[in-house]
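The block underneath contains the structure these notes are about, expressed in structure tokens.
Values in this text are rule-based calculations from the coordinates and carry no lab data. Predicted model, so just to flag it, every value in this text is computed and none were measured. Cβ atoms come from the backbone with ideal geometry, glycine included; neighbour counts cover every protein chain shown.
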């Protein structure tokens with residue numbers, strides 16, 4: 001290759017390198033300009049967001065102040081209500097918690113079988129008595145409490161609908177049986193004197209307690225029904241009336257409800273008799 005050609009190629013190469021360097025510098029300049037533009041845009045958005053956040057914070061603080069003011073007015077009005085009722089906020093909260101506890105108790109009972117509910121019927125009566133007692137409080141006048149009482153009473157009614165009237169086993173009479181003998185059996189009552197309890201539970205089919213027939217199927221009560229009372233030694237009608245009806249003078253109502261097939265005399269009752277208690 002001639003010297004002239006070599007020089008020419010070298011010159012071309014130098015020019016190409018120079019052009020490449022200039023292009024790279026221009027590209028770096030373009031990228032830096034783009035970066036700066038994007039940075040400026042990001043900083044502008046960040047500033048706008050900070051300004052908006054500050055505005056929202058101020059609005060939120062103003063809203064919180066308004067809420068606090070309204071809540072203060074509500075609290076003041078409630079204090080007036082509490083004063084009219086002769087109570088205070090703490091007492092109302094305790095009253096509310098007690099109702100909630102009874103509701104939880106009723107919900108627990110509702111999850112039981114009918115037989116289990118029957119076995120715990122006294123628990124239902126205790127809740128009813130407590131509700132009646134709580135209704136005597138001025139706090140019961142609050143609409144919230146009135147609504148809660150209605151809910152509780154509906155739950156109690158549902159429990160009573162689910163609960164059997166009584167729980168019975170059955171015994172089929174065989175030749176030679178009589179009530180005294182049946183009652184004495186260990187798997188019945190293990191006590192001959194409770195024969196009258198069998199009679200009371202079956203008086204729809206036993207007209208004369210001294211006469212029962214083979215193949216008769218007798219109900220053997222394993223509990224006392226909701227509106228029944230099991231007489232114990234030392235009871236008399238006025239005493240029972242005071243216990244179950246809160247008024248000894250109402251003994252005549254018990255007598256009238258049971259005179260057919262139970263009493264021989266108004267003043268003569270026996271242990272283990274099962275009396276119907278009128279509502």
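Taking only Cα atoms and a 10 Å spring cutoff, compute GNM fluctuations for the chain and point out the largest among 231, 70, 81. Of 231, 70, 81, the most mobile in the Gaussian network model is 70. Annotation for segment 170-223 versus segment 35-74: alpha-carbon center distance of 85 Å.
Estimated at 0.36 nm per residue, the fully extended path between residue 185 and residue 144 surpasses their Cα-Cα distance by 9.3 nm.
Multiplying the residue separation of residue 107 and residue 52 by 0.36 nm and subtracting their alpha-carbon distance yields 14.7 nm. The relative contact order of segment 155-223, computed from alpha carbon pairs under 8 Å that lie at least 6 residues apart in sequence, is 44 percent. Considering only alpha-carbon pairs that sit under 8 angstrom and 6 or more positions apart, the relative contact order computed for the chain is 12 percent. Helix 89-110 and the longest principal axis of the Cα set of the chain meet at an angle near 70°. Helix 143-162 and the long axis of the chain differ in direction by around 60°, with both axes built from C-alpha atoms.
Once the Cβ-Cβ distance of residue 63 and residue 137 is raised to the sixth power relative to R0 = 45 Å, the FRET efficiency obtained is 0.75. GNM on the chain, alpha-carbon springs under 10 angstrom: the most fluctuating residue among 202, 147, 60 is 60.
Between residue 83 and residue 128, the FRET efficiency from the beta-carbon distance, with R0 = 35 Å, is close to 0.70.
By how many degrees, 0 to 90 and rounded to 10, does the Cα axis of helix 3-85 deviate from the longest principal axis of the chain? Rounded to the nearest ten degrees, it is 30. What FRET efficiency would be calculated for the residue pair residue 210, residue 279, taking the C-beta separation as r and a Förster radius of 41 Å, to the nearest 0.05? About 0.80, to the nearest 0.05.
Largest mean-square fluctuation among 85, 268, 56, in a Gaussian network model of the chain whose springs join Cα atoms under 10 Å apart, belongs to 56.
For Cα pairs less than 8 Å apart in space and 6+ apart in sequence, what is the mean separation divided by the residue count of segment 86-162, i.e. the relative contact order in percent? Computed over segment 86-162, the figure is 47 percent. Note on residue 222 and residue 253: the model spin-label points, each 7 Å out from Cα along the C-beta direction, lie 3.2 nm apart.
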